[in-house]
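Trainee: Here it is, the structure in full.
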Amino acid sequence: MPRLPEAGDFDLIEDAPAKINLALHVTGRRPDGYHLLDMLVTFADHGDRLGFRLSPKDAFSLAGRFADRLREDAGAAPNLVERARDLMREAAASIGHPSPPVHIHLRKNLPIASGIGGGSADAAAVLRGLSRVWRVTLPPATVQEIALKLGADVPMCLASRPLIACGIGEEIRPLPHLPSFSVVLGNPLKGVSTPEVFGRLEKKDNPGFSFETGAPRSRDEWLAVMRGLRNDLEPPARAICGEIFTLLELMEQQPGARLVRMSGSGATCFALFDDAGAAGQAAAALHRARPDWYFQAIETMAGAG
Ligand code: C5P
């Protein structure tokens, strides 16, 4: 049997780190129905991985733990990766820059429709990767426009560093002082529909963030700030997917868990620990308790400050 391609076989690699919403407040609604959000966001040292190489014709291949689920869910619809490629090509063509056929390989390590940005992170990695493969520098405003067209979370995944995002996710302020955290990600492997979660939200005009975002703080001070914040999508997501409640309870029971919360519109939840050893032990214990669910110990990226 021929060997399946690996991202490492390609000329150029882009990582698509998992996004974690440490907090998410829904503060209002735009006339077009999109919700206004305040989000405290960081990124993991773990995620999907994409490989790129020039090829006689465009190709897209998939491997990794969640590749089959992605194939099933997508059906005949073009994947976000292919949509990102097509929009990049259109933009390159509009400035007369060549954009030859390319083979993109996606190693899908992150669960699908899970609130940690998987598809958005992949799309952002395609925008970064193709600008390198095609050696094209598009105006930043064009790249932002393409990113937002692909999804509200894609602009923040383009940045892939600790940040505060407002609006529907397009107003981004880097958070250079956010430290790294040792985290366990957990998912009951039930996809949750983002529009359905927003649709079930009872109150859409909750208070936004009110803390000083620029100040340097210790990990403990950040934890105190985060404890005062929420994920407003957690109650509607729990109502749709009862497993989220069980998962949050299981994570809270782990020795050393300092803060447990859902990310994005779910169903991925996260637990923060003091160090990688405690997070690793918790991930192993959680895996023993629910071998059919997804658990992953990770470290989050520190801000660049
Ligand atoms: O932009 P994205 O494709 O990630 O959003 C999926 C759906 O989630 C939207 O069609 C919308 O129903 C909902 N959404 C929202 N407000 C946001 C982001 C997403 O209502 N800020």
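Quick note: the coordinates plus some simple rules give every number you see, no bench work behind them. Small disclaimer: the values here were computed from a predicted structure and weren't measured. Ideal geometry is used to build each Cβ from the backbone, glycine not excepted, and the neighbour counts take in all protein chains shown.
Trainee: Given H placed 1.01 Å from N in the peptide plane, which residues other than close sequence neighbours of residue 264 have an amide H under 5 Å from its amide H?
Mentor: Close amide H contacts, sequence-distant or interchain: 21.
Trainee: Please give me, ordered by residue number, the GluC sites (Glu not before Pro) of the range 169-259 that lie in loop per DSSP and have at most 10 other Cβ atoms within 10 Å.
Mentor: Here the sparse-neighbourhood loop sites are 202, 212.
Trainee: Using modelled backbone amide H atoms (1.01 Å from N, in-plane), which distant-in-sequence or interchain residues come within less than 5 Å of residue 16's amide H?
Mentor: Sorted by chain and number, the residues that satisfy this are 48, 49, 50.
Trainee: With equal scatterers on the alpha carbons only and no solvent term, can you work out the Debye log10 of I(q)/I(0) for the range 216-305 at 0.11, 0.13, 0.20, 0.25 1/Å?
Mentor: -0.33, -0.46, -1.04, -1.40
Trainee: What share of the DSSP beta bridges in the range 7-174 is antiparallel, in percent to the nearest 5?
Mentor: Antiparallel bridges: around 85 percent, rounded to the nearest 5.
Trainee: Here's something else I'd like to know. Just to confirm the filter: which trypsin sites (Lys or Arg not before Pro) across the range 3-112 are DSSP coil and have at most 13 other Cβ within 10 angstrom of their Cβ?
Mentor: 3, 57, 65
Trainee: Give, in whole angstrom and from largest to smallest, the semi-axes √(5λ) of the equivalent ellipsoid of the range 7-174, with λ running over the eigenvalues of the Cα gyration tensor.
Mentor: Numbers: eigenvalues 131, 73, 41 Å².
They are 26, 19, 14 Å, listed largest first.
Trainee: Where does the chain land at 222 nm, in deg cm²/dmol rounded to the nearest 500, when only DSSP H runs of n ≥ 4 count, each adding -39500 (n - 2.57), divided by all residues?
Mentor: Value at 222 nm, helices only, nearest 500: -10000 deg cm²/dmol.
Trainee: Could you give the dipole magnitude of the chain about its Cα centre, charging the beta-carbon of Lys and Arg +1 and that of Asp and Glu -1, in debye to the nearest 20? Present the calculation step by step, with values, prior to reporting the outcome.
Mentor: Working: 34 positive and 36 negative charges, 55 e Å.
Its charge dipole is roughly 260 debye.
Trainee: List the residues, sorted by chain then number, that are 5 or more residues from residue 36 or on another chain and whose placed amide H is less than 5 Å from its amide H.
Mentor: For residue 36, whose amide H was placed from the backbone, the distant partners under 5 Å are 27, 28, 29, 30.
Trainee: Something else now. Relative contact order, percent, of the range 193-305 when contacts are C-alpha pairs under 8 Å separated by at least 6 residues?
Mentor: Working: 98 pairs, mean separation 22.1, N = 113.
Relative contact order comes out at 20 percent.
Trainee: Label point 7 Å out from residue 302 along Cα-to-Cβ: which residues of the range 271-293 have amide N under 19 Å?
Mentor: Under cut-off, by backbone N: 272-279.
Trainee: Give a residue-ordered list of calculated ³J(HN,Hα) values for the range 196-207 (Karplus: 6.51 cos²θ - 1.76 cosθ + 1.60, θ = phi - 60°; whole Hz; x for Gly, Pro).
Mentor: 5, 5, 4, x, 8, 5, 7, 10, 10, 10, 7, x
Trainee: Quick one: compute the contact order of the chain, relative version, from alpha carbon pairs under 8 angstrom and 6+ residues apart, as a percent.
Mentor: Normalised by residue count, the contact order of the chain is 24 percent.
Trainee: Which percent of Cα-Cα pairs in the chain sits in each 20 Å bin, short to long?
Mentor: 34, 58, 8
Trainee: Can you work out ³J(HN,Hα) from phi for every residue in the range 9-15, in order, using Karplus 6.51 cos²θ - 1.76 cosθ + 1.60 and θ = phi - 60°, giving whole Hz and x for Gly and Pro?
Mentor: Once rounded to whole Hz, the list reads 6, 9, 5, 9, 10, 10, 8.
Trainee: Residue 72 to residue 171: extension gain in nm, 0.36 nm per residue of separation minus the Cα-Cα distance?
Mentor: The residue 72-residue 171 span can extend by a further 32.3 nm.
Trainee: Using the Karplus equation 6.51 cos²θ - 1.76 cosθ + 1.60 (θ = phi - 60°), what ³J(HN,Hα) coupling, rounded to whole Hz, does each residue of the range 284-298 give in order, writing x for Gly and Pro?
Mentor: Coupling constants for the range 284-298: 5, 5, 5, 5, 5, 5, 9, x, 8, 9, 9, 9, 8, 7, 9 Hz.
Trainee: List the pair-distance distribution P(r) of the range 133-287, using every Cα-Cα distance, as the percent of pairs falling in each 5 Å bin from 0 up to the bin containing the longest distance, rounded to whole percents.
Mentor: 1, 8, 14, 17, 19, 18, 12, 6, 3, 1
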